Structure formats: C-alpha cells, structure tokens
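The values are calculated or read from the model by the stated rules, or taken from the named source; none is laboratory data. Bear in mind that the values here come from a model prediction, so they are computed numbers and not experimental data. Quick reminder, even Gly has a Cβ in these numbers, built from the backbone with ideal geometry, and neighbours come from all protein chains shown. Calculation scope for accessible area: heavy atoms of the full protein, side chains included, ligands and nucleic acids excluded. Shrake-Rupley method; radii C 1.70, N 1.55, O 1.52, S 1.80 Å.
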Amino acid sequence: SSLCNQPIDFIYNHSNGILFDLLEVFFLNYPGKSPNIENHLHKAWQEFADQHKDNLNKKILQICHSQGAIHVYNALASAPQELRERIIVVTIN
C-alpha cells in the first residue's frame, strides 16, 4: 500500500481440505452462498463507503482469483445497489 499510497486489504478463504472445499463450492458457493467470506467482504466494502461518503466518485477496486471470484459474485448479489455501484471487479482465473 505504500507504493500506491492507498490502503490494500486482503481477504482469503482458507482450505478445509479437498473434500470439504469441494463440498463448499458445489453445495454453498455455486448456489449463491459464501457465508464467511461474504460477511468479510460486506464489512470491508461498507467501511470504505462510510469513510468516503462525502465523495461518491471514489471506487473500490476488488481483485479476485479462482474461488474468490465466486465469493465476490455472491457478496455483490446480496450487497445494496448503492454499494455495488462503487465497486470495480477484476477477476483473474
């Protein structure tokens, strides 16, 4: 963050082993639920929005990879419209 003079946050989903990870993907994530990560994303996005409520042109650059793209998609689907409009998503697969 010191190189770009902007705060950078990292949110990751730890592995529970291949079997549980696959069960999570097929029975939770693909149907639209990312219970733990979704809450972390909503909190981070809302904190940004609260800090920059005076400047609605400020955007969040959300970069995600692999399963993280599914989590971001699910979190965006349940986020308020005014918050979604402030998020630019880049997915790397």
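When only residues in region 56-85 that are hydroxyl-bearing (S, T, Y) and in a helix (DSSP H, G or I) count, which is farthest from F10 (Cα to Cα)?
S78
Go through region 17-37 residue by residue and tally those that are open to solvent by less than 80 Å² (accessible area, probe 1.4 Å), more than 15 Å from Y73 (Cβ to Cβ) and among the polar types (S, T, N, Q).
0
Testing N5 on (1) of a type in the set (S, T, N, Q); (2) free of Cβ contacts under 8 Å to residues at least 24 places away in the same chain; (3) touching a Gly at 6+ places or on another chain (Cβ under 6 Å), one condition comes back false. Which one is that?
(3)
Please determine whether any residue of region 6-17 is more than 18 Å from Q62 (Cα to Cα) and of a type outside the set (S, T, N, Q).
Checking region 6-17: at least one residue is more than 18 Å from Q62 (Cα to Cα) and of a type outside the set (S, T, N, Q).
Go through region 70-85 and give me each residue that's free of Cβ contacts under 8 Å to residues at least 40 places away in the same chain and surrounded by 18 or more Cβ atoms within 10 Å (Cβ to Cβ).
V72, A79, listed by residue number.
Go over the candidates H65, H42 one by one and state the one that is at negative phi and open to solvent by less than 70 Å² (accessible area, probe 1.4 Å).
Answer to the check: H42.
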